[in-house]
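Written below as structure tokens is the structure these notes are about.
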Amino acid sequence: MGEPTTKIGGSTRRSEDKRFLTGQGRYTDDINMAGQTYACFVRSPHAHARINSIDTSMARDADGVLAVFTGEDLANDGIGGLPCGWQIHDVSGEPMAEPPHPLLAQGKARYVGDHVAVVIAETKQQARDAAELVDVDYDMLDAVISPAKALESGQPLVHDEVPDNRCYTWELGDSGAADEAFERAHHVTSLDLVNNRLIPNALEPRAAVASYSPGEDHYTLYTTSQNPHLARLLLSAFVLNLPEHKVRVVSPDVGGGFGSKIYPYAEEATLTWASKKIGRPIKWTAERVESFLSDAHGRDHVTRAEMALDTDGRFIGMRVDTKANLGAYLSTFASAVPTILYATLLAGQYTTPAIHARVTAVFTHTAPVDAYRGAGRPEATYVVERLVSQAARDMGLSQAEIRRRNFIPTDAFPYQTPVALNYDVGDYDATLTRAEELADVAGFEGRREEAQKRGKYRGIGYSTYIEACGLAPSNIAGALGARAGLYEAGEVRLHPTGKVTVFTGSHSHGQGHETTFAQIVSDRLGIPFDDVDVVHGDTDRSAFGMGTYGSRSLAVGGSAIVKAMDKIIDKSRRIAAHMLEAAEADIEYDDGTFRVAGTDKSLSMAEVAFSAYVPHNYPLEQLEPGLDESAFYDPTNFTYPAGSHICEVEVDPDTGRVEIVNFTAVDDFGNVINPMIVEGQVHGGLAQGIGQALLEGAVYDAESGQLITGTYMDYTMPRADDLPSFRVDTCNTPCTHNPLGVKGCGEAGAIGSPPAVIDAIIDALRPLGVTDLEMPATPLRVWQAIQDAQGRQVA
Amino acid sequence: MNVSMTVNGRSVTADVDPPTLLTEFLRDHLGLTGTHVGCDTGQCGSCTIHLDGRAVKACSVLAAQAEGARVVTIEGLADGNGDLHPMQAAFREEHGLQCGFCTPGMVMAAVDLVNTYPNASDTTIRENLEGNICRCTGYENIVRALKSGAAGMGDQGNG
Amino acid sequence: MYAFGYHRPTTIDEAVTLLGQSEDASAIAGGQTLLQSLKQRLAQPGELVDLGAIKELSGIAVDGRTVVIGALTKHNEVALSSEVRKAVPALADLAGAIGDHQVRNVGTIGGSVANSDPAADYPAAVLGLGATVETNQRRIAADDFFIDLFETALEPGELIKAIHFPVPKRAAYVKFAQPASRYALAGVMVAETGDGVRLAVTGAGACAFRVPAMEQALAGDFSADAIKGVQVDADELNDDIHGTPAYRAHLVNVLARRAVEAAR
Ligand SMILES: Cc1cc2nc3c(=O)[nH]c(=O)nc-3n(C[C@H](O)[C@H](O)[C@H](O)COP(=O)(O)OP(=O)(O)OC[C@H]3O[C@@H](n4cnc5c(N)ncnc54)[C@H](O)[C@@H]3O)c2cc1C
Ligand code: FES
Ligand code: FES
């Protein structure tokens, strides 16, 4: 587990753990306010229905009910809908179709679970009872669930104003160059791929407590958000038209997010508005079934992908055509996920010179789809790595060999890909070599034979992935359609006693920022780890922030803190020079101590801090008192974590059950601040990636649009006995363009692992004639694939 | 109706509606918010507490059913001297938690697991964690924590 | 949950009286099944009669030929009972494969058998071992007990007191869990008893059922090979996202063979 030292590079045990382990964590549902009321949302039971009328009279009269609101009430108050944060342009040059996304349905319900009305009552039970009394007169309409089908003519329209349900078609890369490569190809590998729809399932359901104080004309919203500042900005500027400085958003402890808690949702916006209406605080906590129905889902791509190879097995071209399901409405980052975060990663770790991608984004009568751990990059990795592995089989090359022939060599960095990104650094061969060693690939054939004797089929699968993290240079993001900046803010406050409070705009909901950020500060300022407190998640305490997602906290948020510390050290140096009566240039700084070069005259950081607040012997004419600095950091490039995953499976051909017997992940995360936390992030990501490959998949009934996997009875969450003990390691090349040299580690596991798992199964079942398999590879699906293959062989 | 039970060593009596779940009783009536609720169907295990010494899901028991019982929640697991219970300490040491939401239930389940299956193998541990979902950790460090917590509990001789 | 009245009788008679007093009264044992449906508002009993305080319903008694398990006995009490394990290891294994550790600490055999969930495990044991269900009114043979989806021979207000399992010569239960719920996607109990071979299936159909063709084949030759070609009719089997009827039919055969090999 590594040494628990508190400096950078030490596996410091986490500061936040004690409260979590003793039941003292403070999650949104744990917060209660005086006079609090409870909300229950009335949700559409239909995937597509016209709402003729809503009769709320019975509900209003029910015991304990304070108010019932519908979309009409919001419209009467001029309340807008939820905005989309990223504008993509269609190939025609027109902006994407952006139909309204009302908080409560206006005239139509567009997916099962869509918000139709809200009931507010004295107790949870009363709110729920009364919600059943809201009488909605629906005309059921036909629904369309599959993105491919939704594009066909004559299908039901999700939004009347969006023909063919097409939000946009978008392209990246040089299609002429790609076509030319295919014309001269020695071999073409092609695949039809489905990236299965996932439901994020952070274990803490979404929740909100909203209140309004008339005396101060001020709103407070406690909510399960990954980025409270963004929630405040969007709620005040775009949804509710409130003055931003009169709104405080607090994300206290949050029980996991994985993307699903980035976005402002209808519930907390409606609650904030309604809290003023009724003059009382209102609480809402999702039941798990509501999470299944209305949290933003992830993935859901259908792709046709082709790879052109020359006689040596070199990749000379790639063409990808993807249909991405957006669900019924555009969620905050929905439009960016299948474009900017997807197609730009299609070069993978390879020198493929010509790539062309075409993405059609489609509305369907399903819950909105948005970023889920990895967001676009798992979908890209799945396309690239499935193609590469299949090409290896087609060309008779080993999985390692075809990859090595195509890796971007270490001396080619910085490397400009044909799909917009510029990779700064990496060593792909190093992670692959280490992964093969750790996975004992050399011993695999022996293990395969041994398994065969037990009637089991063993297989091995590879995935060498790359991702782009640390979103993002704001100007580049802006040029690509982002409607917000993507920097981060940090503030470092030294107190007179030498203790430190750090304020960050990055939110922590499991990532351990309170520990990692304190390590960085302790390391740079030479202040004991226990004397550093990290504050996050409160718009009244941290200046600003863009929040936590896309593995950006350390690379962007951590860098902002480093910048603030640089200012602290600069100022302290000047104070120290004055106090030590030396020239500023003669002051050396190391590990919390300012020393006059070549002497034993020195001051500690704490002494300097004291003097900054008690400025008796202080350069007051040049410097302000106090020692409190803040900084904004805007990254100059993405960071590019990369790595090699190797999966070994054993398949029971009689039942179709797949067991993962070994899983190896060797990643390049750049510099590592806390190896223990990084390893934990990898484990968690792997569990979600393996979950996608083997277990998880949202299923809507194709006709009725009902969510069949709407509880844990049908949606398979990875449990302890579904997973192996992981073998993980890192081979790091420091990032070249941020002050910490870090790249980010939060999503790698979920990005790299799915193709490795699927290819391991295909490899295992090759003797039975199986050549392809869809995710999730459930026992039923694997068994069916074996039956089909055997049927083909007989035929 | 009235219910009485011992919670973390303290006798409590309260007037509740019959449909009150033990989770609601603990969280809303007693303010013991360490017991979490992660689902509606009894699968996730975030609500695990000890009822008469055995791990149970408090979301799947009525407060009324716990009449006269001895309830221990995550808040009452440690001895009260400020030290963590060996299982809590092991979860911290082995990094067996991230967001902390599953953690109280996970720790309570782990303690009963060790009591029921001393010296359990990794396989037994993983199989018997079926009732506790963790979305963050991938379980690897939870399994490690459980083993090291078991050793700690053995050292202390406290089951 | 909707509102309901709550009662906690201490004797069976009292419980039966309470259940008789109201049309929409329901017994609650461990509540592991019932409370989930109440929470989701899928059921609305007016009165709940909690059997939890009725001491005489709990406990395990083993004599040479029979294992008697009180209705209120929890799954873990059966799974971890050294007496049950010695007499009918297959029964202890089955109880240990139900749900998860916490559910096994609370859920009861009576609740499971009375509920007759198509994917529950105990019904396979009751039917496969040829048990007798003892109620407050009568004794019901396993073959007459399970009628259909969530439907048994129990009359309204009739309570299970205990289940009597004859000790088989050898038996085994093999379960293939539905990946999400971990209930049985299919489960097979096979037993060689004094009265011949019994083979019962759960998870695959509307309720637990026997497979006479396999029983006959095994009566002549108690080996996995003897039933290799004996398939159950897929037309009658359940269809959902986790298993097609054809897959379930196939699984029944695979699990039956594995059970025969594992029987002891
Ligand atoms: C997460 C989870 C996983 C599970 N997994 C499985 C599994 O894998 N396999 C499996 O078989 N089961 C599983 N179960 C169900 C579990 O075994 C239940 O405990 C059991 O089915 C019902 O027992 P109970 O005591 O909880 O009954 P209750 O929920 O209290 O009652 C169930 C029904 O039986 C009636 N009833 C109860 N006792 C009697 C009696 N003595 N006489 C007449 N009627 C009575 C009640 O009125 C009610 O209608 C699972 C449950 C959960 C929550
Ligand atoms: S809250 Fe999920 S099992 Fe109790
Ligand atoms: S630590 Fe987040 S769910 Fe387990």
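The values are calculated or read from the model by the stated rules, or taken from the named source; none is laboratory data. These figures come from a predicted structure and were not determined experimentally. Heads up, the Cβs are rebuilt from the backbone with ideal geometry, glycines too, and the neighbour counts pull from every protein chain shown. Protein only, heavy atoms only, side chains kept; ligands, DNA and RNA dropped before computing areas. Shrake-Rupley method; radii C 1.70, N 1.55, O 1.52, S 1.80 Å.
Structural remarks
- Note on A:Cys40: accessible area is roughly 30 Å² with a 1.4 Å probe, heavy atoms of protein only.
- Ranking of A:His89, A:His536 by solvent-accessible surface, largest first: A:His89, A:His536 (1.4 Å probe, protein heavy atoms only, all chains present).
- Cysteines without a disulfide-compatible neighbour (Cβ-Cβ under 4.7 Å), chain B: B:Cys99, B:Cys136
- Anchor A:Lys7: lysines whose Cα lies under 25 Å away (excluding residues fewer than 8 positions away in-chain): A:Lys18, A:Lys499, A:Lys563, A:Lys567, A:Lys571, A:Lys743
- With every protein chain in place, the range A:358-490: carbon and sulfur % of accessible area (1.4 Å): 51
- Ligands, DNA and RNA aside, A:Ile199 has an accessible area near 0 Å² when probed at 1.4 Å.
- Centre-to-centre, using Cα atoms only, the range B:27-86 and the range A:10-61 are separated by 21 Å.
- Remark: mean inter-chain Cβ contacts per residue of B:136-148 equal 6, using a 10 Å Cβ-Cβ cutoff to other protein chain atoms.
- Taking θ as phi - 60° and the Karplus parameters 6.51, -1.76 and 1.60, the scalar couplings of the range A:625-631 work out to x, x, 9, 8, 10, 10, 8 Hz in sequence order, x denoting glycine and proline.
- For the range C:127-264: Kirkwood Rh in Å [reciprocal of mean 1/r, alpha carbons]: 15.5
- Centre separation in Å (Cα based) which lies between the range A:673-750 and the range A:541-594: 34
- Distance between the 7 Å Cα→Cβ label points at C:Glu236 and A:Ser57: 5.4 nm.
- Couplings 3J(HN,Hα) of the range C:224-236, computed from phi: 4, 4, 4, 10, 3, x, 8, 9, 7, 6, 5, 4, 8 Hz, in residue order, whole Hz [Karplus 6.51 cos²θ - 1.76 cosθ + 1.60, θ = phi - 60°; x for Gly and Pro].
- For A:678-687, mean number of other protein chain Cβ atoms within 10 Å: 5
- Heavy atoms of B:Asp17 accessible to a 1.4 Å probe, total area in Å² rounded to 10: 110
- Heavy-atom accessible area ranking, 1.4 Å probe, most first, across B:Thr13, A:Thr22: B:Thr13, A:Thr22
- Residues considered: C:His250, C:His164, C:His75. Largest GNM mean-square fluctuation over chain C, using C-alpha springs under 10 Å, is found at C:His250.
- The antiparallel fraction among DSSP beta bridges confined to the range B:2-77 stands at about 85%.
- If you wrap the range A:517-639 in the convex hull of its Cα atoms and look at it from every side, the mean projected area works out to 9.1 nm².
- Estimated FRET transfer efficiency (C:Lys228, A:Asp137; beta-carbon r; R0 60 Å; 0.05): 0.55
- Euclidean distance between Cα centres, the range A:339-355 to the range A:166-216, Å: 14
- Taking Cβ atoms as reference points and 10 Å as the exclusive limit, the residues near A:Gly547 contribute a net charge of +1, counting Lys and Arg as +1 and Asp and Glu as -1.
- With the convex hull of the Cα atoms taken as the outline of the range B:86-156, the averaged projected area works out to 3.9 nm².
- Remark on C:Val67: its backbone amide H falls under 5 Å from those of C:Phe165, C:Val167, a criterion applied only to residues 5 or more positions apart or on other chains, H modelled at 1.01 Å from N.
- Per residue accessible area of chain C, 1.4 Å probe, in Å²: 38
- Shielding by other protein chains, A:198-206, mean Cβ within 10 Å: 5
- In the range A:725-742, burial by the other protein chains removes 20 Å² or more of 1.4 Å probe accessible surface, compared with the chain on its own, from A:Ser725, A:Phe726.
- Near the amide H of A:Asp90, within less than 5 Å, lie the amide hydrogens of A:Met96, all on another chain or at least 5 residues away, with H placed in the peptide plane.
- With the helix formula -39500 (n - 2.57) applied to DSSP H stretches of n ≥ 4, chain A reaches a computed 222 nm mean residue ellipticity of -8000 deg cm²/dmol.
- Computed over the range C:1-56, the alpha-carbon pair-distance distribution with 10 angstrom bins reads 26, 54, 19, 1, each value a whole percent.
- Total formal charge among the other residues, if their Cβ is under 13 angstrom from that of A:Val250, Lys/Arg +1 and Asp/Glu -1: -1
- ³J(HN,Hα) computed for each position of the range B:91-108 - Karplus, 6.51 cos²θ - 1.76 cosθ + 1.60, integer Hz, glycine/proline x: 4, 6, 4, 8, 6, x, 8, 10, 6, x, 6, 7, 4, x, x, 5, 5, 5
- Here the range B:2-77 is treated as a sphere whose radius is the Kirkwood value from Cα pairs; by Stokes-Einstein at 10 °C and 1.306 mPa s it diffuses with a coefficient of 133 µm²/s.
- Expected 222 nm ellipticity per residue - DSSP helices of 4 or more, -39500 (n - 2.57), all of chain C, to 500: -8500 deg cm²/dmol
- Largest first, the residues A:Lys283, A:Lys323 sort by 1.4 Å accessible area into A:Lys323, A:Lys283.
- Spherically averaged projected area of the convex hull of Cα atoms, the protein assembly as shown: 49.4 nm².
- Taking other residues whose beta carbon is less than 12 angstrom from the beta carbon of A:Leu345, and scoring Lys, Arg as +1 and Asp, Glu as -1, yields -3.
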